[in-house]
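First up is the structure itself, then whatever we jot down about it.
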Amino acid sequence: MNVLLTRPLAQVKTLEDLVSSSGHNPIIFPTLEVIAVDAKIQRQNYDAIIFISANAVDYGIDLLKSIDYKNAKIFAVGGATAKRLTDKGISVDGFPKNKASSEELLAMDNVSQLSASNILIFRGVGGRETLKNGLISRGNIVEYAEVYERVQSPILPLHKDSINNLLSSDDGVITITSIDSMSAMLSIVEQINTNYIDVLKQYPMIVISERIKHYVNSIGFDNVKVTSKTNDNGIAQSLKSIY
């Protein structure tokens with residue numbers, strides 16, 4: 001089975017290997033690029049610091065180490081983000097064990113107990129306000145360190161080769177890990193051949209959240225499966241149930 005992988009080129013290798021080891025054919029189709037943003041923060045001390053993604057760790061670690069974070073509680077949005085922090089020598093005080101999401105993080109006991117605290121969130125430019133609003137509603141002061149930005153990938157020869165490879169067979173599936181990635185994929189495909197969009201809607205799709213599923217359903221993609229885990233392993237496991 002052909003599996004279209006839409007993660008950025010720099011971050012797709014793990015998923016590519018998992019797909020290959022599952023006996024499927026990974027097709028690389030990067031929809032986004034991640035670029036650094038020069039972020040600034042207002043304080044030298046925080047009561048709690050939250051990392052919203054592995055990218056937030058990679059692009060924010062130097063900024064974190066420029067302040068006194070030793071007495072701050074460190075939280076991650078999920079297991080992959082927590083592992084990235086520990087790999088870089090940062091102890092993590094907690095992360096959602098079942099599913100990586102702002103909602104699950106807010107529901108954790110040691111996060112829900114935060115009140116009248118100064119909290120710093122490392123994240124990318126833009127995105128949902130669920131976590132910040134939830135923390136503010138409990139009387140906390142919340143700041144962002146927006147340390148990276150995801151932008152649409154330029155169209156490469158790889159994109160044309162990959163989409164033609166996928167469409168050469170009915171035995172295929174599309175993987176999507178964010179709404180931004182889905183929007184970028186459609187933009188890139190439309191510039192290659194606008195007729196391909198309707199053809200793509202016939203392929204099953206794997207996404208990592210109900211929120212993404214709702215979006216792709218709203219634009220005409222009906223055969224959509226949500227992974228049980230919001231990581232590469234979750235995507236690989238979901239391939240077993242497609243065919």
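The numbers here are math on the coordinates, done by the rules we state, and not lab data. Since the model is a prediction, treat every value here as computed from it, not as a measurement. Every residue, glycine as well, gets a Cβ built from its backbone with ideal geometry; the counts of neighbours run over all protein chains shown.
Structure values in brief
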| quantity | calculated |
| --- | --- |
| Assigned charges on the beta-carbon of Lys, Arg, Asp, Glu; segment 35-150 dipole about Cα centre (debye) | 140 |
| Residues of segment 173-192 with amide N under 20 Å of the 7 Å Cα→Cβ point at Ser218 | 176-188 |
| Among 202-209, 21-28, the order from most to least packed when residues are scored by Cβ within 10 Å on average | 202-209, 21-28 |
| Cβ-placed point charges (K, R +1; D, E -1), dipole of the chain about Cα centre in debye, nearest 20 | 520 |
| Dipole of segment 35-150, positive direction: furthest Cα of Thr86, Leu135, Val125, with charges on the beta-carbon | Thr86 |
| Relative contact order computed over segment 35-150 (Cα-Cα under 8 Å; 6+ residues apart), in percent | 33 |
| The chain - share of DSSP beta bridges that are antiparallel (%, nearest 5) | 15 |
| Links that overshoot a 29 Å alpha carbon limit, given the list Lys13/Lys88; Lys73/Lys225; Lys70/Lys213; Lys99/Lys132; Lys65/Lys132; Lys88/Lys225 | Lys73/Lys225; Lys70/Lys213; Lys88/Lys225 |
